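Input: a single structure, listed below in structure tokens.
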Amino acid sequence: MKELEIIVFSPITDMRDVIVRVINNEKKWNGYGVPSFPELMVLLRQRSIDIVLFDAGVSTDEEIEISHKIKEAFPKIIIIQHYGGGSGLLKNEIMSALEGQESSADFIDDANTK
Amino acid sequence: MNTVLHKADTRGTANHGWLQSKYSFSFGNYYNSERKQFGMLRVLNDDFVEASKGFGKHPHDNIEIISIPLEGDLEHKDSLGNVAVIKEGDLQIMSAGTGVFHSEFNKNSDRSAKFLQIWIYPNKKNVEPRYDQITLNTNKMKNQFSQVVSPDETYDGVWLHQDAWFHIGQFEKEMNIMYSIKKEGNGVYAFILEGTAEVEGHKLLKRDGFGIWDVKNMNITASKNSKILLIEVPMN
């Protein structure tokens with residue numbers, strides 16, 4: 001199974017750090033936290049990122065604007081709004097976003113699906 | 001009319017030893033693409049927590065969290081400075097908004113706690129985080145549905161950032177009730193806490209869930225000694 005590369009975008013350090021830690025606890029998932037748009041774009045150019053996840057502290061307008069810019073430069077990246085459920089919803093949000101993606105089978109491993 | 005039926009034994013499960021949970025909708029490691037949410041109702045977890053155990057400090061943002069202890073007591077602490085015990089018969093709301101850290105522990109060292117955890121997507125992002133709790137008026141729930149959550153702080157119960165309403169009814173005898181949906185575009189999800197009920201012709205047992213939308217009313221026949229939670233939420 002291919003490793004999933006995820007950026008957590010949030011200006012709130014302690015919230016962002018928890019989500020990055022939760023991501024890194026998953027086998028085959030790699031999480032990176034960035035607090036600002038310029039740092040986000042630097043990391044997107046440096047690594048082959050699969051998902052950008054918006055966490056706490058990002059307004060709806062910012063999400064829309066940043067999403068457009070990401071998609072212009074990196075159209076295959078999946079963008080997710082994380083609804084602050086930490087590990088409770090995070091895996092679900094990622095699984096849900098990967099559903100229907102051509103490459104999803106590369107990332108889906110041992111989730112408890114019914 | 002559209003409906004969905006979730007039998008109690010079809011819920012997702014998790015057993016962490018100190019915590020045993022049943023999930024009406026996808027949560028944690030339980031993922032079912034057909035059970036992700038009911039409109040803005042995203043999480044309905046039925047939790048059992050061992051004595052003195054609980055959820056350590058963890059964050060939430062941009063979600064409305066309602067906790068209803070069914071047995072036992074929980075001690076809540078959060079980064080807003082709130083320290084509170086929610087007891088059986090209470091109801092707690094936390095609007096996570098821009099972000100809040102909190103913990104919830106079984107307050108008692110000699111008995112387990114059971115509670116419902118319900119998460120609703122808010123209608124406004126990045127609000128100021130807030131916390132509130134009330135003791136439910138059981139007299140108002142006797143043989144009728146009593147409002148316990150609503151969008152307006154001037155109404156009965158606690159309020160939240162969403163056009164959602166919660167009602168609880170406790171029925172001593174068999175009764176027919178028609179619940180009228182309060183906002184066009186909303187659906188309502190009935191969750192049987194105790195006993196049985198018939199909802200729109202469907203026989204429901206304890207912890208069954210039944211959702212209905214694209215209707216104006218929900219017809220319920222509550223059985224004797226039943227207790228029912230109704231969660232009305234926007235479907236979009």
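Rule-based calculations on the coordinates, nothing more; no lab input. What you see is a predicted model, and the numbers here were worked out from it, not measured in a lab. When we count neighbours, we look across all protein chains shown, and the Cβ atoms used for this are built from the backbone with ideal geometry, even at glycine.
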Per 10 Å bin, what percent of the C-alpha pairs of chain B does each bin hold, from zero upward? 8, 33, 40, 17, 2
Quick one: P(r) of the protein assembly as shown from all Cα-Cα pairs, 10 Å bins, percents rounded to integers, in order of increasing distance. 5, 24, 33, 24, 11, 3, 0
All-pairs alpha carbon distance profile, region A:42-98, 5 Å steps from 0, percent: 4, 18, 27, 23, 21, 6, 0
Past 21 Å, Cα to Cα, is the threshold; run B:K140/B:K224; B:K142/B:K206; B:K57/B:K206 against it and keep the listed order. B:K57/B:K206
Sum of side-chain charges, B:N143 neighbourhood, beta-carbon under 12 Å (Lys, Arg +1; Asp, Glu -1): +3
Under the rule rounded for a/c under 1.5, else prolate if a/b exceeds b/c, else oblate, using alpha carbon gyration tensor axes a ≥ b ≥ c, region A:4-97 is classed as rounded
Set A:K27/A:K76; B:K36/B:K114; B:K36/B:K173, cut-off 26 Å on Cα-Cα distance; pairs above it are B:K36/B:K173
Hull volume per residue for region B:11-135, using the convex hull of the C-alpha atoms, in Å³ is 99
Projected-area average for region A:18-63 over all orientations - Cα convex hull basis, square nanometres: 3.6
Kirkwood hydrodynamic radius of region B:138-234, from inverse mean 1/r over distinct Cα pairs, in Å: 13.2
Determine which aspartates and glutamates satisfy two conditions relative to A:K71: a Cα distance under 13 Å, and not lying fewer than 8 residues away in the same chain. A:D50, A:E63
Mean projected area (nm²) from the convex hull of Cα positions in region B:159-214 is 4.5
Taking the reciprocal of mean 1/r across every pair of different Cα atoms in region B:75-131, the Kirkwood radius in Å is 12.7
Could you tell me, in Å, what Rg and Dmax come out for the Cα atoms of region B:196-236? 10.7, 35
